[in-house]
Amino acid sequence: ISLLKGPREEIVYVPCIYRNTGRKKPDFLATVDVNPKSPHYCQVIHRLAMPNLGDELHHSGWNACSSCFGDATKKRNRLILPSLISSRIYVVDVGTDLRAPRLFKVVNPEDVFWKCNLGYPHTSHCLGSGEIMISTLGDPAGNGKGGFILLDGETFEIKGNWEKGDKVPLMGYDFWYQPRHNVLISTEWGIPKCLGYGFDPNDLKKGRYGRRLNVWDWTTHTYIQAIDVGEDAAPLEIRFLHNPDAAEGFVGCTISSAIHRFYKTERGDWAAEKVIQVPSKKVEGWLLPEMPGFITDILISLDDRFLYFSNWLHGDIRQYDISNTRQPKLVGQVFVGGSIAKGGPVTVCGDEELQSQPDPFFIKGKRVPGGPQMIQLSLDGRRLYVTTSLYSAWDRQFYPDLPRDGSVMLQLDVDTEQGGLTVNRSFLVDFGKEPDGPCLAHEIRYPGGDCTSDIWV
C-alpha cells in the first residue's frame, strides 16, 4: 500500500478537551511537533481554540478520500471535527498553513437536529463520491439511534441522512465501509443520555450499552443484519484490514474486553468470532469486584500484519501478530499507567496474567495519570503514539487526577520484525502544562492520512 512509503510524520493534530475539567475554556485543536530534529520536539506549536464552550471534540476525519489520491483537484486540506456532546461540526482549514490550522466553517447543531433527526456525532469518513459521512450515537434528545450525517465535500452543508428505509439500529458509534464487498459495518457504544454523565454500573444488564455490529448494504444504504457480540459488550472501534479485497477485520469490545474478528461467510452474509479475551482482574478498592481491561482503541498496521489495542483500565498496550487472523499471537505488551499499579487504591486479589501488580509509570519524572487510550501508528509501523484521555465524564470518574493534572502523549518504539514494544523515554507531551490549564488530549491524526483514517476502495 502506497502510504507505507509516505514521509515520516513531523507534526500531528490532537483535539484537546476542557469539558468536565472545571476550567471554562473552549476545546482546541493542538498541532504537536513530533520531529526529533526540531527544536520544538514534543511541544504544542499551535492551538486553534473553538468558538464555543463544552463541545467535547473527540474524533476527526478528512474532506477527501484516499481513493481520490489520483485526482489532482482533490486535496486533504480540511479536517472535519464533530463535537460529541454539542453536536456541532467544525471544518478546519489545514491546507493554508499545515502548522497553524484555522477555522473554516461551523455546522450548527440545529442543522444536524432538524435536517437529520440525529445528534452526538462521532466518526467522520470521506467517501469516494466526494461527500463526508459522520456516524452518530443518538437522536437530538439523547436516545440511542444509529444513523449517518452526509456533508457536501465542497460546501460542507448538510445534505441529509445517508441511511434509507425504516430500519435503524438502536445505537451507533464507529463505522468502516468496504465498497468491494458492498458493505458498511457500524458499532454501538451506548445511549448518550445515560453514558453522557459517566459510567453507572446500574446501566448494565438494562440494554443501555451496545452489543451489536450493524451491517448495512453499501449500495442501497439499508440496514440488513445485526451481529450479536454479547450483552454489554460495547463494541467501539471497528477496522477492516487495509487490503480492499479483504472481507474481514477486527472490532474491540470495551466492557467485555474482547476482540472479535468479523468476516464475510460463504453465504454472503457477515459473522463474528471472538479471537482475543483480556481476562478481568479480581480487585478490592474499586467500583466493581472485577476490573475489565477496557479495550478502548484498536488499530491495524498498514501492511495488515499487526493489531494493536489499549486496555485503558489495566494500563497496557498490546501488539498481536495477525498473520493468521483467526489466531492472533501476543508479541508485544507494555504498561503505561492504568488503575492497578502498585501503591494505589486498588489491590489485585486474582490475576490470570500477571504475577504481581505493575509498577507505577513515570516518564521524565512525571507520574502519568490515566491509562493508555487513543493510539496511532506511523506509516512505516515503527512508532506508536498514545494519548491517555477517553472521554471527559469518564476520565473524571475513573481517573480523578486526569482532569486535574491533564493527559499526556507518549510514543512507543515497535519491533516490526519479531514484534515488541518499548517506551521511548525521550518523548513526552505533557498537556498538564497548557497555558489555559491542564486539558484532555484525545485522537491523533497525521496531515495527509494515517492507519485509522484511510479506507482504500
Checklist entry - For the chain, what is the largest minus smallest coordinate of the Cα atoms on each principal axis, given in angstrom and ordered from greatest to least? => result 54, 51, 45
Checklist entry - If you keep only loop residues by DSSP, which trypsin sites (Lys or Arg not before Pro) in region 157-186 have at most 13 other Cβ atoms within 10 Å of their Cβ? => result LYS164, LYS167
Item to check | Residues listed by number, region 250-289, amide nitrogen under 17 Å from THR219 label point at 7 Å toward C-beta | outcome: 268-270
Checklist outcome for this item: In region 155-276 the accessible area split gives carbon plus sulfur, as whole percent at 1.4 Å, a share of 47
Next on the checklist: Nothing charged except the Cβ atoms of Lys and Arg (+1) and of Asp and Glu (-1): what's the magnitude of the dipole of the chain about its Cα centre? Round to the nearest 20 debye.
Outcome noted: 620
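Give the peptides 242-250, 313-321 in descending order of average Cβ contacts within 10 Å, highest first. Please report the intermediate quantities before stating the final value.
Numbers: 242-250: 17.9, 313-321: 25.0.
The peptides rank, most packed first, as 313-321, 242-250.
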Next on the checklist: Sort 259-267, 74-82, 348-356 by the packing proxy (mean of other Cβ within 10 Å over each peptide's residues), most packed first.
Outcome noted: 74-82, 259-267, 348-356
Checklist outcome for this item: Residues whose built amide H sits under 5 Å from the amide H of TRP176, excluding neighbours closer than 5 in sequence, are ILE185
Item to check | Solvent exposure, largest accessible area first (probe 1.4 Å, DNA, RNA and ligands not counted), of HIS59, HIS221 | outcome: HIS221, HIS59
Next on the checklist: Give me, ordered by chain and number, the residues 5 or more places off GLN225 or on other chains with an amide H under 5 Å from its own placed amide H.
Outcome noted: VAL215
Item to check | Nitroxide proxy distance, nm - points 7 Å out along Cα→Cβ at SER426 and ASN324 | outcome: 4.0
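For a Förster distance of 25 Å, can you work out the FRET efficiency between the beta-carbons of ARG382 and LEU287, rounded to the nearest 0.05?
Values: r = 37 Å, r/R0 = 1.48.
Working from the Cβ atoms, E equals 0.10.
Of the listed pairs LYS159/LYS193; LYS164/LYS193; LYS115/LYS433; LYS167/LYS274; LYS205/LYS274, which have alpha-carbon separations greater than 29 Å here?
Details: LYS159/LYS193 26 Å; LYS164/LYS193 25 Å; LYS115/LYS433 40 Å; LYS167/LYS274 27 Å; LYS205/LYS274 21 Å.
Over 29 Å Cα-Cα: LYS115/LYS433.
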Checklist entry - Counting only Cα, what are the radius of gyration and maximum Cα-Cα distance Dmax of region 220-329, in Å? => result 14.9, 51
Checklist entry - What residues of region 264-307 lie in the reach of a label at ALA246, counting those whose backbone N is under 12 Å from a point 7 Å from the Cα along Cα→Cβ? => result 299-307
Checklist entry - Can you give me the Cα centroid spacing of region 117-138 and region 303-352 in angstrom? => result 30
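State the extension gain, in nm to one decimal, for the chain segment bounded by LYS75 and ASP152, taking 0.36 nm per residue of separation less the distance between their alpha-carbons. Could the numbers behind the result be given before it?
Details: separation 77, 0.36 × 77 = 27.72 nm, distance 1.47 nm.
Computed gain between LYS75 and ASP152 is 26.2 nm.
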Checklist entry - Which aspartates and glutamates have a Cα lying under 14 Å from the Cα of LYS37, excluding residues fewer than 8 positions away in the same chain? => result GLU9, GLU10
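The values are calculated or read from the model by the stated rules, or taken from the named source; none is laboratory data. Remember, it's a predicted structure, so these values are computed and weren't measured experimentally. Quick reminder, even Gly has a Cβ in these numbers, built from the backbone with ideal geometry, and neighbours come from all protein chains shown. Only protein heavy atoms, including side chains, enter the accessible area calculation; ligands, DNA and RNA are left aside. Shrake-Rupley method; radii C 1.70, N 1.55, O 1.52, S 1.80 Å.
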